[in-house]
Structure formats: structure tokens, C-alpha cells
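The values are calculated or read from the model by the stated rules, or taken from the named source; none is laboratory data. Note that this is a predicted model, so its numbers are computed, not measured. Cβ: placed from backbone, ideal geometry, glycine included. Neighbour counts: every protein chain shown.
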Amino acid sequence: MKTALLFLVTLASVALPAAPRKLAVGATPESVTRGFDGDLFVSLMGVSRKAGDGDGKIVRVHGETVTDFATGLNDPKGTVFAGGFIITADFDTVWKIDAKGHKSVLAGPKDFPTAPTFLNDVEVEPSGQSILVTDMGAVTKMRDANNKLFAVDSPEHKAIP
């Protein structure tokens, strides 16, 4: 199995970063966030990259030790620590994961205005009251050959053969 390396920079109390260190966390690392007990949590997309395959996971990095934290995900991508949970975007579902690694659905496909096709990232809204989610498959605007911007469901779009 090919092992990817995560480059970690230890943050000091001064503005100068410590020397980078290499740590093998597993194949296909995508995102990292600091969470429970100050540990790092890294999302690992599954190697097949297919919805429903369950081969993605989030690992916990505690010092030099890497352990599975939440398994059975598909392709977890963006992660954030918010409200005492790790939140991650995974194809068409946003997961909420507690301190023991138990996951529950925060938002599923039917919770979105349009069914998501490739959720990519999550972030906490500045007030801390909402989670913002991006969907790479949610294209709402296009440009024509003259660089004119128009909506996907517009007459201009419908006229494209």
C-alpha cells in the first residue's frame, strides 16, 4: 500500500515555525484539523474514490502515533472542529463525529436545496452558528465563448446543443 506523508509544522508561541517533520498517516490524505485534546485529525479519501465504498476514514495524530479514529466513510474531504465535533464533507453527506469516533449524519442529500454530487469542504461561519459546505458538482453559472456569464437554467444555457 502506498503511504502518503503528511507534513506537519509544530506551532510555537512565537511567530517562527519549528522545522517540518514527516509522518506517515496513510494513503490519500486530504484535509487536517486540530480537534479533541489538541490532536490532529486527517481525512483520508478512499483509494477507489467511489460513492458507497466505505474505504475512507479519519485518523488521529497524537504526537508520533497515528490511529484510526472514524472508519466506514467514503471519501472524506474537508474537515473542521466545531461545537465539540469533527465535521467532514463526504460525497453527498456531511458527518458529525464525536470524541469516541462515532459518526452521525449532520446533513444528508435531502437536506440540501439540490442533491449534492461532490461535497468538498466545510467551514464554520464566523458567528459559529452555521457550517458552510461546498459542492464541486453544484455549478450554477457558465460563461459563453465571449466570456458572458449566465445561469445554468437560463435561456442561453438551454440553447446550447
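Only residues that are within 22 Å of L119 (Cβ to Cβ), in a strand (DSSP E or B) and polar (S, T, N, Q) were counted across the stretch 22-78, and they come to 4.
In this structure, does L40 turn out to be modelled with pLDDT under 95, buried (at least 16 other Cβ atoms within 10 Å of the Cβ) and either closer than 25 Å to A138 by Cβ or touching a Ser or Thr at 6+ places or on another chain (Cβ under 9 Å) (or both)? Considered against the rule, which asks whether it is modelled with pLDDT under 95, buried (at least 16 other Cβ atoms within 10 Å of the Cβ) and either closer than 25 Å to A138 by Cβ or touching a Ser or Thr at 6+ places or on another chain (Cβ under 9 Å) (or both), L40 comes out as no. State yes or no: is T65 surrounded by fewer than 20 Cβ atoms within 10 Å (Cβ to Cβ), at pLDDT 90 or above and either out of contact with any Phe, Trp or Tyr (no Cβ under 6 Å at 6 or more places or on another chain) or basic (K, R) (or both)? Considered against the rule, which asks whether it is surrounded by fewer than 20 Cβ atoms within 10 Å (Cβ to Cβ), at pLDDT 90 or above and either out of contact with any Phe, Trp or Tyr (no Cβ under 6 Å at 6 or more places or on another chain) or basic (K, R) (or both), T65 comes out as yes. Of all residues in the stretch 98-111, those that are assigned to a loop (DSSP other than H, G, I, E, B) have Cβ atoms under 7 Å from Cβ atoms of residues that are at pLDDT below 95, 6 or more apart or on another chain, in G108/T93.
Residues that are in contact with a Gly (Cβ under 6 Å, 6 or more places away or on another chain), surrounded by fewer than 24 Cβ atoms within 10 Å (Cβ to Cβ) and at pLDDT below 95 within the stretch 73-93 comprise N74, T93, listed in sequence order.
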